[in-house]
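The values are calculated or read from the model by the stated rules, or taken from the named source; none is laboratory data. Computed from a predicted model, the values in this text were never measured in an experiment. All Cβ positions, glycine included, derive from the backbone under ideal geometry; neighbour counts span all protein chains shown.
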Amino acid sequence: MSGNTIPELSGEKRGAGETVAAYEPKRHQEACFSGKTPVMTPQGIREIQFLREGDYVYTFDLKTRDITETRVEHLDVHLGEFEIREVRLSDHDTILATSNHKFYNGRCWVECREMSEIFTVSGDTLGVAVSEVFRKTNIVYNLRTAAGTYLVGHVAALVSGGTVLDLVTRKAA
């Protein structure tokens, strides 16, 4: 179905008449974040739920080692039942992600449930604490960007954003 209105859900703020392109209930498949996830943009940090196609966000080019802007090609909004994990990036920086969202750890891409460290744009790897399933939610978000990646959290963690052919998931050692 096309043009279904996104319902108000557990504190998620939605604009009046906002729609999602297609509604298909999903279970545990989509690699996404809670709506309040901070994303780094040229205008400052913005919650993922308020970004739209055509907006620009920051990413990190692994070849040139530069922070660059990338265009949001699509905001994925998924309705269904999703298990969320709490990812503590620092004492004051926690995000909520699905178990399978891919983060870059400085060597390879790993799923949230398997990671113990992340790569930040400062060039450091940072130890992280990932909870067991923290809670269930009914709505999750992801960005599809031109670069295939974007930066989240105040520490600027590099995450997968859409289909990137060279992303390889490996088990963390």
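Can you tell me which residue in the stretch 92-116 is farthest from G35 (Cα to Cα), limited to those that are of a type in the set (K, R) and more than 11 Å from the chain's Cα centre (by Cα)?
R107
Does the stretch 23-32 contain at least one residue that is outside any strand (DSSP E or B), under 18 Å from the mean Cα position of the chain (by Cα) and modelled with pLDDT of 85 or more?
Yes.
How many residues are more than 19 Å from M40 (Cβ to Cβ) and surrounded by 15 or more Cβ atoms within 10 Å (Cβ to Cβ) if we restrict to the stretch 52-84?
7
Is the stretch 78-91 home to any residue that is under 20 Å from G123 (Cα atoms), within 13 Å of the chain's Cα centre (by Cα) and at pLDDT 70 or above?
yes
What are the residues in the stretch 88-97 that are in contact (Cβ under 8 Å) with a residue 60 or more places away in the chain and either in contact with a helix residue (DSSP H, G or I) (Cβ under 7 Å, 6 or more places away or on another chain) or of a type outside the set (S, T, N, Q) (or both), if any?
Looking only at the stretch 88-97, we keep the residues that are in contact (Cβ under 8 Å) with a residue 60 or more places away in the chain, and these are 89-90, 92-93, 95-97.
Those that are in contact (Cβ under 8 Å) with a residue 60 or more places away in the chain and either in contact with a helix residue (DSSP H, G or I) (Cβ under 7 Å, 6 or more places away or on another chain) or of a type outside the set (S, T, N, Q) (or both): L89, H92, D93, I95, L96, A97.
Among the residues of the stretch 126-164, count how many are under 24 Å from T41 (Cα atoms) and at pLDDT below 85.
5
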